[in-house]
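Here is the structure we will look at, set down as structure tokens.
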Amino acid sequence: MMAGNNQRNGYDKQQHHTNPWLYPIQIGFFAGLIWGIIRWMFYEMKFTKVLPGFAADPFFKESFLKTAWGEVVGIAFFVLFSIAAALLYKVALGKLRGPWPGVVYGAIWWAVLFVALGPLLQFTDGIRKEGWNTLYTELCVFLLWGLFIGYSIAFEFTDEASREPIKAQ
């Protein structure tokens, strides 16, 4: 029991400072990479009709984005999009605690991309043309993507770590 207290006190005395701008960039990078690859897998398994490179659509022809290199470029653009989204989350919602703000953040991005700006800018076909499988798949991916970004940032920059048992630290 005494050793646990000493370890806990030693942990409290350590000064750990996370760079408030580099950390969201790292989270955005990994969110884009992980969820971009998952989106690509869902596209290959025909769960979604949205190209993995939809974010690169304004810069490249659709015929290129359907090739292997186009898919790599598309995932890279999704990584860049995720970095920007993580920085925006840090600025706008970075002080919120828990997983739910991240889930809502992902839902908002899904709505922006599939209901509002996506069809307007022709990234996506919109909710009336995409089909239920695509809409559900993309919604689930964006909810988990938002959860990944939001909860990672909340855990690092709020006192979410205080919920963890002492032995887990």
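General remarks:
- Q122 versus K46: modelled label distance in nm, points set 7 Å from Cα along the beta carbon direction: 2.7 nm
- The stretch 34-88 and the stretch 95-116 have Cα centres lying 19 Å from one another.
- Percent of Cα pairs exceeding the 17 Å cut-off, where the set is the stretch 23-90: 39 percent
- Inverse of mean 1/r across different Cα pairs in the stretch 59-125, Kirkwood, Å: 13.6 Å
- With distances taken between every two different alpha-carbon atoms, the stretch 107-160 has a Kirkwood hydrodynamic radius of 12.1 Å.
- Counted charge near F42, where neighbours are those whose Cβ lies closer than 14 Å (Asp, Glu -1; Lys, Arg +1): -1
- Overall dimensions of the stretch 18-164 by Cα: Rg and Dmax, Å: 15.3, 50
- Measuring between alpha carbons in the structure, the pairs from K66/K90; K46/K129; K66/K129 lying more than 25 angstrom apart are K66/K90.
- Of all accessible heavy-atom area on the stretch 62-163, the percent that carbon and sulfur account for (1.4 Å): 70 percent
- Extension gain for I37 to W132 (0.36 nm times residue separation, less C-alpha to C-alpha distance): 32.1 nm.
- Note on Y23 and K61: their simple-model spin labels are 4.6 nm apart, each label 7 Å out from Cα toward Cβ.
The values are calculated or read from the model by the stated rules, or taken from the named source; none is laboratory data. Source: prediction; values computed, not measured. Methodologically, a virtual Cβ is constructed for each residue, glycine included, from the backbone with ideal geometry; neighbour enumeration extends over all protein chains shown. Remember, those area values only see protein heavy atoms, side chains included, never the ligands or the DNA or RNA. Shrake-Rupley method; radii C 1.70, N 1.55, O 1.52, S 1.80 Å.
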